[in-house]
Structure formats: structure tokens, C-alpha cells
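What follows is a single structure, written as C-alpha cells, with notes after it.
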Amino acid sequence: MGSIADRFRSRLLPALLLATGIALLGNGLLSYTTAVEPEPSAQALESYAPFATIAPGIDLPGGNGSQPEESFPADRVSTRVVIAKLRIDLPVIAQPPGFGTFPLCDVAMYFTALGQPGSGRATYIYAHARVGMFLPLLTQSQNANGANMIGDIVEVYTSDNWLFLYEIFEVRRHVRDLNAALADTSGSLWLQTSEGPSDAYPKLQVVAKFLSAQPTDPNAAHPAAHPRQCQ
């Protein structure tokens with residue numbers, strides 16, 4: 001039998017996190033144990049500085065400690081997100097070392113503590129609400145609460161040359177926590193951007209349900225990414 005500390009980490013702590021709510025703290029996506037890094041001086045429609053490292057052995061709420069299906073490649077990550085109707089087409093990367101925690105411009109980024117396409121958990125992709133990034137999501141959400149986005153198709157490409165198709169079914173405005181995404185075990189896609197010019201503003205989440213997956217052209221799945229620090 002494991003120690004009391006092990007049982008606390010694996011059982012009680014996840015339940016407490018879910019019960020108390022996991023807020024978007026300051027300009028961070030979420031933080032369990034460490035302080036969020038101050039954002040740069042630029043203030044133009046930033047998304048959020050993302051996340052602190054989650055301690056080993058902690059099961060995220062909603063994950064139930066379950067493992068992906070055997071067919072899910074452990075090293076699969078999202079590499080590209082496309083919403084043709086909104087003219088969104090961005091490489092997707094993880095926050096690279098040496099750039100702090102403030103999200104970079106000209107790319108979208110995936111939240112490493114959640115899932116990837118095909119894993120059975122939420123795939124969480126975020127980008128700044130700026131021209132050439134996720135600004136169309138914010139603009140559309142301000143018209144009839146984003147009703148025109150319902151039914152739009154989202155394409156997510158992955159590192160192992162697969163294309164996953166999703167259909168937008170929900171627009172969640174003025175969000176301040178990640179509870180719903182953390183609890184999602186349906187394998188949905190979650191897109192996030194900012195609703196305002198500072199960290200005091202809530203976030204926009206656009207949720208899309210999984211439709212299908214198929215192999216795709218490696219060139220389509222591996223766009224050149226040119227991330228830069230936002231000015």
C-alpha cells in the first residue's frame with residue numbers, strides 16, 4: 001500500500017481542485033503551485049500567460065487517472081489549426097524554453113496539461129486576439145453571442161500526419177475558469193482567446209465536437225512556424 005502522501009496526491013488533491021474551481025489567475029492560464037510571471041509591457045489584446053507545471057502524480061479533475069486508448073500515439077501533438085470560414089490558419093506549438101510564459105504571436109499554442117486529438121480528453125488551443133491569430137473568434141462572439149460560428153468546421157492537424165475534424169457547437173463568453181475543459185472526457189476541442197486588453201478581462205472559449213479523423217499530407221500537417229514575442 002502506498003503512503004498517506006501518495007494517496008493524498010492521487011485521490012484527495014484532484015477532488016479538492018475541482019471542488020474549489022481552478023481560476024485563470026491574473027494573466028495566467030492556471031497556476032497550481034507557482035506564481036505567474038509578470039506580462040510584458042505590451043497590452044494590445046493579449047490572451048494570457050499560460051500555466052505552471054503540474055506536480056507529478058496528480059490526476060487532473062475529469063481525467064479519472066485513465067490512460068489513452070492503445071492506438072493513441074503517446075507523442076502526438078497538435079501542429080496546425082484551421083477554420084476556413086473565419087480565415088484562421090495557424091501553426092500550433094508548445095511554449096518553447098527561453099520565452100517565459102507569455103504566449104507568443106503568429107502561432108497558436110496547446111495547453112500541455114490537457115489532451116491531444118484522439119486521446120479522449122479535451123484538446124485546448126489558445127492564441128492572442130490579434131489580426132492573423134484568433135481575433136475572428138472574438139469578433140464573431142460579439143455578434144449574437146457567436147451564433148454564426150455554430151456549425152463551423154475546425155481542422156486540427158497533428159504531428160503524426162493526421163487530420164481531425166471538429167464542429168463548433170458552443171460559444172462560452174466571459175469565462176474565468178477551466179473547470180469545464182478539465183472535466184471534459186468527450187475528446188472535444190477547446191479554443192480560447194482574450195476578451196479584452198488586459199488580464200482583468202475574462203476569456204472566450206469556443207468548443208467543438210469531434211467528427212472524424214483521417215491520414216493527411218505531411219506537408220499540410222507540418223506548417224512552418226515563426227513565433228515571435230509580441231510587441
Please report, for the Cα atoms of region 84-128, the Rg to one decimal and the Dmax as a whole number; what are they, in angstrom? 11.7, 35
How much accessible area per residue does region 78-231 have, in Å², with a 1.4 Å probe? 40 Å²
Sort the following peptides by mean Cβ neighbour count (other Cβ atoms within 10 Å, averaged over residues), highest first: 120-131, 79-90. 120-131, 79-90
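Calculate the FRET efficiency for D177 and F72 from the Cβ-Cβ distance with a Förster distance of 35 Å, rounded to the nearest 0.05.
Details: r = 27 Å, r/R0 = 0.77.
With R0 = 35 Å, the Cβ-Cβ based efficiency is 0.80.
The values are calculated or read from the model by the stated rules, or taken from the named source; none is laboratory data. This one's a predicted model, so the numbers in the text were calculated from it and none came from an experiment. Positions of Cβ are generated from backbone atoms using ideal geometry, with glycine treated the same way; all protein chains shown enter the neighbour counts. These area figures cover heavy atoms from the full protein model, side chains too; ligands, DNA and RNA do not enter into them. Shrake-Rupley method; radii C 1.70, N 1.55, O 1.52, S 1.80 Å.
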